[in-house]
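Everything on this sheet refers to the single structure shown next.
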Amino acid sequence: MLLDAATFPIVRMNFAHDPADTHDDDFAAFEALLDRATPFVIIGQGAGEEIDHEHDHDVDERRRLALWSKKQKPRLRAFVKAMIYVEPSTAKRLGMKAFQIVSEKFWGYPMLVAASDAEALTMARGLLKC
């Protein structure tokens, strides 16, 4: 996962994943965003199958992710207004409904789905009231 905060409070996330990645940089980057103590929205794109609940992680990585999420949950709820995933396919967007519920329970913030980047930006600005 790659985070780009160049347009903060709108943060771009690419779900591309290097199998050798231990996620240390991902955790550090996410924590740096939370350390700003300012509300933001994440717009995610790429590798749609990887958003399908981190299926490629081994048990230790899943456990580590769950512990990190639990520890950070108060800050995640306070500062992440939503994660908006861009999915152009209508069928895939509809198929993500159940995953949205699981994602919100796990992360502590809503997961929304947009058909395009333009739609995601409009949603993000509405959430941030920009």
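The values are calculated or read from the model by the stated rules, or taken from the named source; none is laboratory data. The model shown is predicted, which means the values in this text are computed figures rather than measured ones. In this analysis, Cβ positions are derived from the backbone assuming ideal geometry, glycine residues included, and neighbour counts consider all displayed protein chains.
Some observations on this one:
- Restricted to the range 35-130, the set of helices (runs of 4 or more DSSP H) holding at least 2 residues that are at pLDDT below 95 and closer than 16 Å to Met13 by Cβ comprises 59-79, 97-107.
This table checks each residue for (1) among the small types (Gly, Ala, Ser); (2) over 11 Å from the mean Cα position of the chain (by Cα); (3) surrounded by fewer than 14 Cβ atoms within 10 Å (Cβ to Cβ); (4) within 15 Å of Gly44 (Cα to Cα).
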site: Lys70; (1), (2), (3), (4): no, yes, yes, no
site: Lys81; (1), (2), (3), (4): no, no, no, yes
site: Glu87; (1), (2), (3), (4): no, yes, no, yes
site: Asp117; (1), (2), (3), (4): no, yes, no, yes
site: Ala120; (1), (2), (3), (4): yes, yes, no, yes
site: Met123; (1), (2), (3), (4): no, yes, no, yes
site: Leu127; (1), (2), (3), (4): no, yes, no, no
